[in-house]
1. Classify the range 62-107 as rounded, prolate or oblate, taking a ≥ b ≥ c as the square roots of the eigenvalues of its Cα gyration tensor: rounded when a/c is under 1.5, otherwise prolate if a/b is larger than b/c and oblate if not.
2. For Gly3, enumerate residues with amide H under 5 Å from its amide H, sequence gap 5+ or separate chain, H modeled in the peptide plane.
3. Obtain the nm distance between the two label points defined at Tyr45 and Glu298 by a simple spin-label model: each point lies 7 Å from its Cα along the Cα-to-C-beta direction.
4. Hey, can you grab everything whose amide H is under 5 Å from the amide H of Cys72? Only 5+ residues off in sequence or another chain; H modelled, so Pro and N-termini drop out.
5. Per residue of the range 82-95, in order, report the coupling 6.51 cos²θ - 1.76 cosθ + 1.60 (Karplus, θ = phi - 60°) as ³J(HN,Hα) in whole Hz, putting x for Gly and Pro.
6. From the residues Val260, Ala300, Thr27, which one has its Cα farthest along the dipole of the chain in the positive direction, the dipole being from +1 and -1 charges on Cβ of Lys/Arg and Asp/Glu about the Cα centre?
7. Where the Cα atoms of the range 225-319 are projected onto their three principal axes, how long is each span, largest first, in whole Å?
8. Suppose every K and R has +1 on its Cβ and every D and E has -1 on its Cβ; what is the size of the dipole of the range 168-239 about the Cα centre, in Debye to the nearest 20?
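A short reminder: the numbers here are calculations on the coordinates, not readings from a lab. Just so it is clear, the structure is predicted and the values come from calculations on it, not from any experiment. Counting neighbours? That spans all protein chains shown, and the Cβs are built from the backbone with ideal geometry, glycine included.
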Amino acid sequence: MSGMRPTGRLHIGHLVGALTAWVELTTSADAYFEIADLHAYTTSYDDPQAIRDARDELVLDWLAAGLDPDRCTIFLQSALPEIAELHVLLSMITPVAWLQRVPTYKDQIEALGGEIATYGFLGYPLLQLCDIAVFRGGRVPVGRDQLSHLEFGREVVRRFNFLYGPTLVEPEATLSEFPAVPGTDNRKMSKSYGNTIDIADDDATTTKKVRSMITDPNKVRKHDPGNPAICPVFALQHLANRARVPWIDENCRSGALGCVDCKTELAETLNAWLAPVRARRASFDRTKVAAIVAAGTEKARIVARETLADVRRAMKLVP
Ligand code: SF4
């Protein structure tokens, strides 16, 4: 079980990180992938149209990365009221202090200057738990920064099972360490920095973005020696042009290779590497996406209803 918020197009950092891990997961597990639109409302509640528009784009990027809807379940969070109901029920037994001490909550509140002090934002990790618990998710692929969320969720499950009897499954983390992918400005690749190379970009856009990338600032003229270790162009060469990395390293350091030529090579290899991904993306349209999500959501609903029936029974919420 995993998911993403529909907040914009995905980039090549997602492609070599989470999405590759997801595709692998579908070969060995009954995998569920959630379009976490309710989660998007915790921070972007004032822009519902953007969330709505981003939903299809998100699924197109997943399909482009190789998720096969015949081998996994892709579903829409808000179309399953069972998740929202479980959230209400679990909120009855969740101490507020447990939520307040989740490190990402404290970090975000500080980073955003207290702008998002809503009840829903505080409850973000509980809603995440409900996404997992409603499918009795046993394994959750997470990055190290999400471990505290999962540990919080495990505590809530233990508390529920202690109070009402063994009903919910304690999720286990499958730690996924993804390679760090720098953006065009050498900060972490992130939509919020505007430094991404997107899966859905066309070749010309990718080339333009690569041309604008910063390089070693001390390599001013073509034949100045450079330091690839601090250059994001060099870092991206590892993704799509691995065989040429030793040659680029040597010739950058000696001054034989200029940045313009280096970037031209990167743009060409990135576009060749992304060509099958982009072709897959183009082979789906919004009608197909809607059908995939509708079928996945109906499949997910069967499991979610069974879990909710057990939860309601355990809590004596029966007529
Ligand atoms: S030659 Fe390539 S690796 Fe070296 S600084 Fe320029 S862009 Fe970076």
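1. Oblate.
2. Glu34
3. If labels sit at Tyr45 and Glu298, their model points lie 3.4 nm apart.
4. Amide H neighbours of Cys72: none.
5. Result, ordered by residue: 4, 5, 5, 5, 4, 4, 4, 5, 6, 5, 5, 10, 9, x Hz.
6. The residue sitting farthest along the positive end of the dipole is Thr27.
7. 79, 33, 18
8. 580 debye
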